[in-house]
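Here the structure is laid out as structure tokens; the discussion comes afterwards.
The values are calculated or read from the model by the stated rules, or taken from the named source; none is laboratory data. Only a predicted model underlies this, so the values are computations on that prediction, with no experimental measurement involved. We place every Cβ from the backbone using ideal geometry, glycine too, and count neighbours over all the protein chains shown. Only protein heavy atoms, including side chains, enter the accessible area calculation; ligands, DNA and RNA are left aside. Shrake-Rupley method; radii C 1.70, N 1.55, O 1.52, S 1.80 Å.
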Amino acid sequence: HHDAALLEATTIILLSHNRLDDIEINLPKYLDIVREYGAELIVVDNASTDGSREYLERVVGTYQYLKVILNSENLGVAGGRNSASEFASRKYRLMIDDDTIISKSDIVKMLEYIDTNHEIGALSPKIVHAKTGSDQNNHGSQVVHVSNFHGACHLLRSEACKKVGRIDHLCSFGGEELDLSIRLRSEGYQVVFYPYSTAYHNSIIRPGIEGLRIRRLRVFNFTRLHFKHF
């Protein structure tokens, strides 16, 4: 009953962009949580061209608490998450990427921790590469305060999100998590790493021109954040 109440108090926000293979595997697992526990699920597609949109259009309407947002342009990570957040109605927001999977029991452990530690604004689990098992955010084996959380899977307190406002949409790729971490702490919230839950992130380096564009965006965004905050 306790698990069900925590999951019912959660909005899952899944960001999708041209990863149909991943979303076909991962989305049904989150839909099971929606069906069984009444969690809210919002899927945002950032102008995919690989059939993801058509897949999502087939799924929409099949679940009471599922909302699908089909953006006509790629709004980036921050813009995509912002377009979902205005519809998020629950106490907690689990942010996940389309290439990330985390079990229901690991989600519940994160929810239990944030629910009993009211000063936490953002919490990220241990994140490992889905295929190689290599750590992507190894901060040790204890709960610790971190300067930044891993964006592939993180839990946010909705009340904190309302206080700090929207994610900085000018961080079109990279930097938005650091920016949000700084703003959360300035409002008195903690940002923590929670190692007792694990998410599996099937991250790939996008090739060629797309990869170069992303690397340039990262450099631009982190440089801009230094001027914005420091």
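Quick notes on this structure:
- Selection count, segment 177-194, where residues are open to solvent by 10 Å² or more (accessible area, probe 1.4 Å) and either in contact (Cβ under 8 Å) with a residue 60 or more places away in the chain or over 17 Å from S83 (Cα atoms) (or both): 10
- Taken together, L6, L70, L15 contain a single residue that is at pLDDT 95 or above, in contact with a helix residue (DSSP H, G or I) (Cβ under 6 Å, 6 or more places away or on another chain) and in a helix (DSSP H, G or I), which is L6.
- S141 being closer than 15 Å to T100 by Cβ and at pLDDT 95 or above: no
- Looking only at segment 199-215, residues that are at pLDDT 85 or above and surrounded by fewer than 16 Cβ atoms within 10 Å (Cβ to Cβ) come to 0 in all.
- Within segment 27-47, the set of residues being touching a Ser or Thr at 6+ places or on another chain (Cβ under 7 Å), open to solvent by 10 Å² or more (accessible area, probe 1.4 Å) and not in a strand (DSSP E or B) comprises A47 only.
- Total residues in segment 120-133 satisfying the condition of being without any contact (Cβ under 8 Å) to a residue 12 or more places away in the chain and open to solvent by less than 60 Å² (accessible area, probe 1.4 Å): the figure is 1.
- Inside segment 31-51, residues that are without any contact (Cβ under 8 Å) to a residue 40 or more places away in the chain and more than 17 Å from I107 (Cβ to Cβ) make up a count of 7.
- Some residue of segment 5-22 being acidic (D, E), open to solvent by less than 20 Å² (accessible area, probe 1.4 Å) and under 27 Å from H129 (Cβ atoms): no
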